[in-house]
Amino acid sequence: MAKMKTVFQGRLFTIKQWPVRMPDGTTINFERAIRVPTVMVLPLDHRGHLWLTREYQRRSRGARVSMVMGRVEKGESPRRAANRELQEEAGVRASQLTQLRQMGKNDTLEWVTTYFVATGLKPSRLQGDSDEHIVVTPVPLATAFRWALDGTVNEPFLVLGILMLYRERQKFLRLARVAARQRTRYTPTKRKHL
């Protein structure tokens, strides 16, 4: 196989290209997009509420329902990135972060994405990105599941996260309740309807 050549280097994506000789003798350029690793965090409180976010997006000129998420900085582990993003976007840290799943590579896209469930939520705010305008809203997990099925929530990564969490809900609800008994329970003071 020929050596990959970088044809684009951006803030989030790198595009690599390489020539491949086909059986008929022709040469075709193949490409692969490589994205900075990302964490997706599903905060679950002691009441069984999933903390969803509403974030303003410039491209769509409106807000979208999403989850706590962000890139893993250079030298940072996914677990550390998840707790940092929780503090920046939701104003809490988790006493327990459980990795739900890690996904990442196919022939054309390399994007390592790690899902975490956060329980034992405790107030702790870090300054986030200046272009992020995020409001956190706790939603009963059963409602979030219904929204994932009926299309109310249509961001693919969030739908997948909700479905994976809901499948193992008993385990994670138990963890959230145990963590709440060990710590002071925390509920965000600012609630807005999604």
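Below is a table of values for the structure above.
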{"item": "Any hit, the range 1-21, residues being in contact with a Pro (Cβ under 6 Å, 6 or more places away or on another chain), farther than 24 Å from L86 by Cα and outside any strand (DSSP E or B)", "result": "yes"}
{"item": "Subset of the range 116-146 (residues that are crowded, with 19+ Cβ neighbours inside 10 Å and out of contact with any strand residue (DSSP E or B) (no Cβ under 6 Å at 6 or more places or on another chain))", "result": "F145"}
{"item": "Those residues of the range 125-177 which are under 11 Å from L52 (Cβ atoms) and of a type in the set (D, E, K, R), in sequence order", "result": "E155"}
{"item": "Condition check for T187: modelled with pLDDT of 90 or more and open to solvent by less than 90 Å² (accessible area, probe 1.4 Å)", "result": "no"}
{"item": "Candidate set: the range 84-115, residues that are of a type in the set (S, T, N, Q) and either in contact with a His (Cβ under 7 Å, 6 or more places away or on another chain) or free of Cβ contacts under 8 Å to residues at least 24 places away in the same chain (or both); chosen: the one surrounded by the most Cβ atoms within 10 Å (Cβ to Cβ)", "result": "Q99"}
{"item": "Whichever residue in the range 61-71 is over 11 Å from the mean Cα position of the chain (by Cα) and open to solvent by less than 50 Å² (accessible area, probe 1.4 Å) and, among such residues, is nearest to A180 (Cα to Cα)", "result": "V65"}
{"item": "Inter-residue pairs, beta-carbon under 7 Å, first in a loop (DSSP other than H, G, I, E, B) and in the range 118-129, second open to solvent by 70 Å² or more (accessible area, probe 1.4 Å) and modelled with pLDDT of 75 or more, 6+ apart", "result": "S124/R93"}
{"item": "Residue within the range 69-90 that is in contact with a Pro (Cβ under 6 Å, 6 or more places away or on another chain), assigned to a strand (DSSP E or B) and either among the small types (G, A, S) or at positive phi (or both) present", "result": "no"}
{"item": "From the options R21, R35, residue that is at pLDDT below 95 and open to solvent by less than 60 Å² (accessible area, probe 1.4 Å)", "result": "R35"}
{"item": "Of residues in the range 85-114 being β-branched (V, I, T) and in contact with a helix residue (DSSP H, G or I) (Cβ under 6 Å, 6 or more places away or on another chain), the one nearest to L126 (Cα to Cα)", "result": "V92"}
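The values are calculated or read from the model by the stated rules, or taken from the named source; none is laboratory data. These numbers were taken from a predicted model, which means no experiment stands behind them. All Cβ positions, even for glycine, are placed from backbone atoms using ideal geometry, and neighbour counts span all protein chains on display. The area values use the complete protein model at the heavy-atom level, side chains included, leaving out ligands, DNA and RNA. Shrake-Rupley method; radii C 1.70, N 1.55, O 1.52, S 1.80 Å.
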